[in-house]
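Single-structure report; data block below.
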Amino acid sequence: MPRLSVWFVRAALVYLALGFTFGALMLANKGVSFGPWLWRLLPAHIEFLLFGWTLQLAFGVAFWILPRWRTQRGNEKPAWAAFFLLNVGVWMVVLAGWLNWEAGWLTLGRVAEATAVAAFAIHAWPRVKPLMEINATSSE
Amino acid sequence: MPPITRLFVKTSLVYLIASFGVGLFLALRPLVALPALVNGLAPVYFHLFMVGWVMQLIVGVAYWMFPKWSRERPRGYDALALATFWLLNLGLLLRVAAEPAQIVSAWPGWGWLVVCAALLQWLAGMTFVVNTWPRVKEK
């Protein structure tokens, strides 16, 4: 597994642990109420599990297994940018909600997430090719 | 494909069908008078899909395809993987039963069963993370 995939997947596992913990606390509180404030964790629960876990895991695995040019994975810079922007975006969105930051921070977080997705697509696009085409390009 | 992966993937397919079935029920609400229990199914519908299908499929495929832990223990602890399966499914099924039941029944036990469901699913998530973390490594 390449280094960037290790970062993507390990970060995804951390978000999974956090998202499951928040979800379990909210569900338990739904069964036997012990902290009404726990409902404030709902946006973070969704953000962590949808983007932090599922999307980030998909990025990590895609970076690892999409077709390569011999051993090369093409331009890795946009994929690294995707990693940083996605994580900054997720935390910005969550903290803006928790700490009642101005609405602009939430928008900025969403911009970071959207840019991350675009950056990853720019990286992955040329790798989505028939195997023959990959071999022909790499032998040039 | 190892036996535990087959278990995870086949079970996830059952949840996929079940989640769409529950979704169909929810879509019928404006058209047909349904029991009050159905009103409590919205979070169940979403979690049948995201936990029962998406999460369980990921767990099964990751167990199969992620880099090997070691020569002696290629896929980590098999017992822990099996524990993840049972904890996740018992927790989710308990939620499916107890969460909507809480709405229509005054029995306080439903609330505690929801707490158990939360604990079981949380443990499933943690056992998966613990068993998978060492396999996420560079060659």
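The values are calculated or read from the model by the stated rules, or taken from the named source; none is laboratory data. A quick note: this is a predicted structure, and the numbers were derived from the prediction, not measured. Counting neighbours? That spans all protein chains shown, and the Cβs are built from the backbone with ideal geometry, glycine included. Areas reflect the complete protein model, heavy atoms only, side chains present, ligands, DNA and RNA absent. Shrake-Rupley method; radii C 1.70, N 1.55, O 1.52, S 1.80 Å.
When we screen B:V61, B:V22 for residues that are within 14 Å of another protein chain (Cβ to nearest Cβ) and at pLDDT 95 or above, the only hit is B:V61. Checked against (1) more than 12 Å from chain A (Cβ to nearest Cβ); (2) open to solvent by 10 Å² or more (accessible area, probe 1.4 Å); (3) more than 23 Å from A:S33 (Cα to Cα); (4) at pLDDT below 95, B:A106 passes all but condition (3).
With the condition kept exactly as written, say whether any residue in the stretch A:3-16 is touching a residue at least 60 places away in the same chain (Cβ under 8 Å), within 29 Å of B:V44 (Cβ to Cβ) and under 12 Å from the mean Cα position of the chain (by Cα).
yes
For the stretch B:109-120, name all the residues that are open to solvent by less than 20 Å² (accessible area, probe 1.4 Å) and at the interface with chain A (Cβ under 7 Å from one of its Cβ atoms). Spell out how you get there, then give the answer.
Here is the first cut: in the stretch B:109-120, the residues open to solvent by less than 20 Å² (accessible area, probe 1.4 Å) are B:109, B:111, B:114, B:117-118.
The answer is B:G111, B:V114, B:A117, B:A118.
When B:L123, B:L93 are checked against the criterion of being touching a helix residue (DSSP H, G or I) at 6+ places or on another chain (Cβ under 6 Å), closer than 29 Å to A:Q56 by Cα and either outside any loop (DSSP other than H, G, I, E, B) or more than 12 Å from every other protein chain (Cβ to nearest Cβ) (or both), B:L123 stands alone in meeting it.
Right, B:F85: part of a helix (DSSP H, G or I), at the interface with chain A (Cβ under 9 Å from one of its Cβ atoms) and open to solvent by less than 70 Å² (accessible area, probe 1.4 Å) or not? Reasoning before the result, please.
Numbers: part of a helix (DSSP H, G or I): yes; at the interface with chain A (Cβ under 9 Å from one of its Cβ atoms): no; open to solvent by less than 70 Å² (accessible area, probe 1.4 Å): yes.
It is false that B:F85 is part of a helix (DSSP H, G or I), at the interface with chain A (Cβ under 9 Å from one of its Cβ atoms) and open to solvent by less than 70 Å² (accessible area, probe 1.4 Å).
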